[in-house]
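The values are calculated or read from the model by the stated rules, or taken from the named source; none is laboratory data. Quick caveat, the model's predicted, so the values are computed rather than measured. Note: ideal-geometry Cβ built from the backbone for every residue, glycine included; neighbour counts use all protein chains shown. The area values use the complete protein model at the heavy-atom level, side chains included, leaving out ligands, DNA and RNA. Shrake-Rupley method; radii C 1.70, N 1.55, O 1.52, S 1.80 Å.
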Amino acid sequence: MNIVVCISSVPDTTAKINFTDNGSNFDANGVQFVINPYDEFGLTKAMMLKEVTGGKVTVITVGDATVEAVMRKSLAIGADAAVRINMNATDSYSTANEIANYLSNNPADIIITGRESIDYNGGAVGGILAEMMSLPFINACNGLELSGNTAKLTREIDGGKENITAELPFVIGGQKGLVLESELRIPNMRGIMQARSKPLEIIEPSSKEGLTSSVSFEKPVEKEACKLVDADNVAELVNLLQNEAKVI
Amino acid sequence: MSVLVYTESWDGKFRKSTFEAVSYASETAKLLGTDLVAVSLGEISNDELNKLGNYGASKVISASNIIKGDGQAATSVIAEQANDAKVIVFSNTYTAKMIAPRLSAKLKIGAISNVIEVATSTTPLIVKRKAFSSKAIEIVKVNSEKAIISIAPNSFGLIKTEGTLTIENSDTSEKGGITIKGQETASGKISISEAEIVVSGGRGLKGPENWGMIEELADLLVAATACSKPVSDIGWRPHSEHVGQTGKAVAADLYIAIGISGAIQHLAGVNSSKVMVAINTDPEAPFFKAADYGIVGDAFEVVPKLIEEIKKIR
Ligand SMILES: Cc1cc2nc3c(=O)[nH]c(=O)nc-3n(C[C@H](O)[C@H](O)[C@H](O)COP(=O)(O)OP(=O)(O)OC[C@H]3O[C@@H](n4cnc5c(N)ncnc54)[C@H](O)[C@@H]3O)c2cc1C
Ligand SMILES: Nc1ncnc2c1ncn2[C@@H]1O[C@H](COP(=O)(O)O)[C@@H](O)[C@H]1O
């Protein structure tokens, strides 16, 4: 079983988001980067599948050298190998295109992406990748059970879930539910030591062609100060919601 | 030239997010001086299809044999209709996120998700979208001649118009590589992404046995119930209620946070809501910095009073 997990390196969830050069660039100063939380569920699931079926888990990231910290962490958690495609990911299409290129030379049985990256929030790389490879794509996937070459999957739908079966290979957009929060793995000392000697291959991009480009960023407008209502005067809150905010 | 909009239905009915996508697409069609064509997948009545006309669609192509959850089949069918389309519009639902990116790859058209406003320029197409889990707004340009736009639910609103709609049936039957075995939906519950009001509880509520008042308040307001991440992690509430940066995104008209501290990861997923209310015993709780209205007080006293007061006006 060959499992490839696409990992996005993203600002830590507590990071303050700022921009430099008049909003054209993300200010990475002082920001810590982590494995995209949705990808962390996918990576853990990949480890668990491998422990049953045997095989190999490879993590792949499109990015410059700064993403290697997160890749080493993935190796410390238990991935067997890492591949970095040496390109600044600026567009979902070009990112997916590079991953598809790699996969056409290195076929995988299961390709795991996250439901979305918490920085770009495109929710797109998995779907684009699947179409490029003519594979099924199960998005917002919160359950995956394998027996032989057939998988039973569940995906979140608005207000419930959908049960699906699919034959290998396929692409998923993973999230919580794939594994439990409590099952997420934290790298231990042994893992960190082992990670140093695991392969991290660097591949040059085949083409950098993208279909969209970022023009600039803005910060959302700041809210006005909160209107506090006395706990003994709940009627006033209802009045404000009804007559001032007009939301009830 | 035309604008195409994917009109998603659930059990044969359209929801507000669909009409919102049609309204958005209709405004885009006006900008381009062209007509709006809708595509509907799955079984649906003509009565229901006709509602699309109220939001600006002039034609709908109804492919009743196609199952929307089969992303490969759905993409092929929409692609067949897209020859003439300059812009293709989706609402950012879980299902649309399986179709729009595929379509982008199939037709080599730039796709932008999470869009919150009508385009500020059409050649090239430039739009605003939410990024960094709503901590920033990004202005993005499409480099291809055509564009795919997925709008963030509840960011645009509905615009009613008058017009006539023609219905065209398509008997295409395609099939992708998955088999859908069925769905499990909690009937009678309002979904978080669709709700105008969301009532949400955090660890301050002390235990699952105390959610009765949350549900009662939600019922009164015709609201969905939600919770913070630790609440679903401990198992007090189902995972499907987890909202925030790593859970569901909320963009409601009104979000009421009860016993939720307002951690940055929580706020990142809910602060697209138009009005936020915080009820918390701790005056220093970060939620008060983000909320529009707040009560510093004990949820177990404030919420029952709130229920009484709302009963008076309902
Ligand atoms: C990678 C990562 C991702 C995360 N993603 C999310 C996410 O998507 N969503 C999310 O919610 N969190 C997320 N978190 C967790 C987040 O950091 C907070 O820990 C969490 O939101 C806190 O939940 P809470 O407010 O319910 O609990 P607490 O922080 O424990 O707050 C409870 C609040 O209740 C108040 N309170 C106590 N008693 C009462 C009472 N009787 N009446 C009224 N108020 C009372 C307290 O004053 C306190 O403010 C994430 C964390 C990480 C590290
Ligand atoms: N630069 C990248 N390198 C590798 N995988 C990525 C990259 N960006 C996104 N992905 C994968 O695609 C998923 C969805 O990302 P996005 O389309 O940006 O929301 C992520 O959860 C990752 O699994």
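Looking across the range A:67-78, the residues that are within 13 Å of ligand 2 (Cβ to nearest atom) and closer than 16 Å to residue A:197 by Cβ come down to A:68, A:71, A:74. Does residue B:269 satisfy the criteria of being of a type in the set (Gly, Ala, Ser), within 16 Å of ligand 2 (Cβ to nearest atom) and under 16 Å from residue B:154 (Cα atoms)? In short, yes. Filtered by the rule that a residue be in a helix (DSSP H, G or I), open to solvent by 40 Å² or more (accessible area, probe 1.4 Å) and under 27 Å from residue A:87 (Cα atoms), the range A:183-207 gives A:192, A:194, A:196, A:197. Looking at the range A:39-47, can you tell me whether even one residue there is within 30 Å of residue A:215 (Cβ to Cβ), within 14 Å of chain B (Cβ to nearest Cβ), within 16 Å of ligand 1 (Cβ to nearest atom) and without any contact (Cβ under 8 Å) to a residue 60 or more places away in the chain? No: zero hits. With respect to the conditions (1) more than 14 Å from chain B (Cβ to nearest Cβ); (2) within 11 Å of ligand 2 (Cβ to nearest atom); (3) under 16 Å from the mean Cα position of the chain (by Cα), residue A:64 lacks only one, and its number is (3). Residues in the range A:111-133 that are away from ligand 1 (no atom under 16 Å from the Cβ) and touching a Phe, Trp or Tyr at 6+ places or on another chain (Cβ under 7 Å): A:126, A:127, A:128, A:130. Taking the criterion of being farther than 17 Å from residue B:283 by Cβ, out of contact with any Asp or Glu (no Cβ under 8 Å at 6 or more places or on another chain) and within 7 Å of chain B (Cβ to nearest Cβ), the residues of the range A:219-240 that qualify are A:219, A:220, A:240.
Of all the residues in the range B:228-246, those that are part of a loop (DSSP other than H, G, I, E, B) and among the polar types (S, T, N, Q) number 3. For residue B:245, the criteria (1) touching a Gly at 6+ places or on another chain (Cβ under 9 Å); (2) over 17 Å from residue B:207 (Cβ atoms); (3) away from ligand 2 (no atom under 16 Å from the Cβ); (4) not hydroxyl-bearing (Ser, Thr, Tyr) hold in every case but one, which is (3). For the range B:181-222, which residues satisfy the criterion of being of a type outside the set (Ser, Thr, Tyr), within 16 Å of ligand 1 (Cβ to nearest atom) and assigned to a loop (DSSP other than H, G, I, E, B)? Listed by number, the residues that qualify are B:192, B:202, B:206, B:207. State whether one or more residues within the range B:12-26 are open to solvent by 20 Å² or more (accessible area, probe 1.4 Å), more than 24 Å from residue B:191 (Cα to Cα) and not in a helix (DSSP H, G or I). Within the range B:12-26 (the criterion being open to solvent by 20 Å² or more (accessible area, probe 1.4 Å), more than 24 Å from residue B:191 (Cα to Cα) and not in a helix (DSSP H, G or I)), the answer is no, since none of the residues qualifies. Among the residues of the range A:48-66, those that are closer than 24 Å to residue B:131 by Cβ and either surrounded by fewer than 23 Cβ atoms within 10 Å (Cβ to Cβ) or of a type in the set (D, E, K, R) (or both) comprise A:63, A:64, A:65, A:66. Going residue by residue through the range B:295-312, is there one that turns out to be more than 16 Å from ligand 2 (Cβ to nearest atom) and either modelled with pLDDT under 95 or within 26 Å of residue B:131 (Cβ to Cβ) (or both)? No, the range B:295-312 has no match at all. One residue stands out in the range A:208-226 among those that are open to solvent by less than 40 Å² (accessible area, probe 1.4 Å) and more than 16 Å from ligand 2 (Cβ to nearest atom): the one that is farthest from residue B:127 (Cα to Cα), namely A:226.
Apart from one condition, residue B:165 fits all of (1) within 16 Å of ligand 1 (Cβ to nearest atom); (2) more than 10 Å from every other protein chain (Cβ to nearest Cβ); the exception is (1). The residues of the range B:84-128 that are more than 7 Å from chain A (Cβ to nearest Cβ), at pLDDT 95 or above and in a strand (DSSP E or B), listed by number, are B:85, B:86, B:87, B:88, B:89, B:90, B:91, B:115, B:125, B:127, B:128.
Could we say that residue A:221 is touching a Phe, Trp or Tyr at 6+ places or on another chain (Cβ under 8 Å) and in a loop (DSSP other than H, G, I, E, B) here? For residue A:221, the condition - touching a Phe, Trp or Tyr at 6+ places or on another chain (Cβ under 8 Å) and in a loop (DSSP other than H, G, I, E, B) - is not met. For the range A:145-166, the set of residues classified as open to solvent by 10 Å² or more (accessible area, probe 1.4 Å) and more than 7 Å from chain B (Cβ to nearest Cβ) consists of A:145, A:146, A:147, A:148, A:149, A:150, A:152, A:154, listed by residue number.
Of the residues B:246, B:225, the single one that is more than 10 Å from ligand 1 (Cβ to nearest atom), out of contact with any Cys (no Cβ under 9 Å at 6 or more places or on another chain) and either open to solvent by 10 Å² or more (accessible area, probe 1.4 Å) or without any contact (Cβ under 8 Å) to a residue 24 or more places away in the chain (or both) is B:225. Within the range B:255-285, being surrounded by fewer than 21 Cβ atoms within 10 Å (Cβ to Cβ), more than 7 Å from chain A (Cβ to nearest Cβ), within 8 Å of ligand 1 (Cβ to nearest atom) and free of Cβ contacts under 8 Å to residues at least 40 places away in the same chain holds for B:263, B:282.
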